[in-house]
2 protein chains.
Amino acid sequence: VQIQVALDRIPLEHALLITEAVRSQADWVEVGTSLIKQFGMAAVREVVAAAGRTPVLADLKTADDARFEFGLAFDAGAASATVLALADDATIDLAVEVARDRGAEVLVDLMGVDEGRRWSLARRLPPEVVLGAHVSKDAQARGGRPVDLLGDWASGRRIALAGGLTADDVPALAGRPDLRVIVGSAVTRAQDPVGALHDLRRAAGQHAGAAS
Amino acid sequence: VQIQVALDRIPLEHALLITEAVRSQADWVEVGTSLIKQFGMAAVREVVAAAGRTPVLADLKTADDARFEFGLAFDAGAASATVLALADDATIDLAVEVARDRGAEVLVDLMGVDEGRRWSLARRLPPEVVLGAHVSKDAQARGGRPVDLLGDWASGRRIALAGGLTADDVPALAGRPDLRVIVGSAVTRAQDPVGALHDLRRAAGQHAGAAS
């Protein structure tokens, strides 16, 4: 698996320190929606600067106006950005188009959509688009787990998983090099974020630093 | 009608000048999603300072994490903030709860939902919640008009209308003191934003400065 460390609901200075600490061990660093809404694209620019060669995803959760929002994120140095699967198809298609024009990635956040919508997007969107199986923070209170969203629709697609994941969830996902696991507080709120990331890699059956 | 001037996709300095120019004639000033994602809560704080006594809405378009996002907006001085009707009910209910606790308003953006969802929210949500009939920017390219979204579900509710509206749309809406019309580029991209706002008031059958 690949591991993306998501920075959410923490002071920007703290986010930058975590970025510098984990960048050599993380495959991706994510600037969470909370940081974007609090600090705007300054948060993306600063995390990009702190991340060195590790690519940064801007969790825009775009619901509309994809050309403008994706342009902002890529101008700020993001290598990927997110659009909501709940959004209009026109918005998703614009996000895909802008990402392609800019040589960047788009992750479609499947939060809140049903299996029919997952199938429809998996069939329709180009193969480079990442589909993110995601249980929203507010819905996690009901006990939903992102792994329960996986199914045949995901076959052959680039997939990311997000929503309250910890090292306990990772062994079942090991050995899938195309799967990206997105972890937030399990790393960012750990006493030792680098140690927590090592634990995740070990749980995935990986030596620290190896990405597979 | 009430008129809300939405600031989107313009430099922040320009947004502040427009705010100062229109504040005595606008019932609400909106910090658009594009300004929030570009500049974060600094955009809300600065527009609030420029708006004087005119209340400011933060167009967060919250899709998740409503407690944190609504807290940010109200801490920055917003009197109202938006949550997506596409979001989980748990997210919408948290937005309503935080707004109530803070003595602020919540506007549920009905972008992208069907009539069944509009009915369900209109029946379920407390009466102080504003329901926003909205055709997204990206969907406007297909020719949708927000007024076409109105129907019996809106009866007895506080309603806002948004999506490419101009002075031509306003006469049909005159005489509804509870209806809020949200206008963006029709004011902000006019040669004379104050004159454009006067034209909207006249089209609504109002003398300049009168709100009804």
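Take the stretch B:2-39 and flag every residue that is assigned to a helix (DSSP H, G or I) and away from every other protein chain (no Cβ under 12 Å). Spell out how you get there, then give the answer.
Our first condition is that a residue be assigned to a helix (DSSP H, G or I); within the stretch B:2-39, this holds for B:12-22, B:33-39.
Answer for the stretch B:2-39, where residues must be assigned to a helix (DSSP H, G or I) and away from every other protein chain (no Cβ under 12 Å): B:GLU13, B:HIS14, B:ALA15, B:LEU16, B:LEU17, B:ILE18, B:THR19, B:GLU20, B:ALA21, B:VAL22.
If I filter the stretch B:117-133 for residues that are within 22 Å of A:GLU69 (Cβ to Cβ) and either surrounded by fewer than 18 Cβ atoms within 10 Å (Cβ to Cβ) or touching a helix residue (DSSP H, G or I) at 6+ places or on another chain (Cβ under 6 Å) (or both), do I get at least one hit?
First, pick out the residues of the stretch B:117-133 that are within 22 Å of A:GLU69 (Cβ to Cβ): B:132.
Those still in the list that are either surrounded by fewer than 18 Cβ atoms within 10 Å (Cβ to Cβ) or touching a helix residue (DSSP H, G or I) at 6+ places or on another chain (Cβ under 6 Å) (or both) too: none.
No, that holds for no residue.
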Given (1) surrounded by 22 or more Cβ atoms within 10 Å (Cβ to Cβ); (2) over 16 Å from the mean Cα position of the chain (by Cα); (3) within 26 Å of B:ILE159 (Cβ to Cβ), index of the condition B:VAL47 fails: (2)
Selection count, the stretch A:107-131, where residues are closer than 18 Å to A:ALA81 by Cβ and either touching a Ser or Thr at 6+ places or on another chain (Cβ under 7 Å) or of a type in the set (Ser, Thr, Tyr) (or both): 3
Any hit, the stretch A:181-197, residues being more than 23 Å from B:ILE92 (Cα to Cα), polar (S, T, N, Q), surrounded by 19 or more Cβ atoms within 10 Å (Cβ to Cβ) and touching a helix residue (DSSP H, G or I) at 6+ places or on another chain (Cβ under 8 Å): yes
Top-ranked residue of the stretch A:40-68 - restricted to ones that are over 16 Å from A:GLY132 (Cα atoms) and in a loop (DSSP other than H, G, I, E, B), ranked as farthest from the other protein chains (Cβ to nearest Cβ): A:ARG53
Of all residues in the stretch B:1-27 being surrounded by fewer than 22 Cβ atoms within 10 Å (Cβ to Cβ) and out of contact with any helix residue (DSSP H, G or I) (no Cβ under 7 Å at 6 or more places or on another chain), the one that is nearest to B:PHE74 (Cα to Cα): B:ASP27
Residue in the stretch A:112-132 that is modelled with pLDDT of 95 or more, closer than 25 Å to A:PHE39 by Cα and either of a type in the set (Gly, Ala, Ser) or touching a strand residue (DSSP E or B) at 6+ places or on another chain (Cβ under 7 Å) (or both) present: yes
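The values are calculated or read from the model by the stated rules, or taken from the named source; none is laboratory data. Predicted model, so just to flag it, every value in this text is computed and none were measured. Note that each Cβ is placed from the backbone with ideal geometry, even for glycine, and that neighbours are counted across all protein chains shown.
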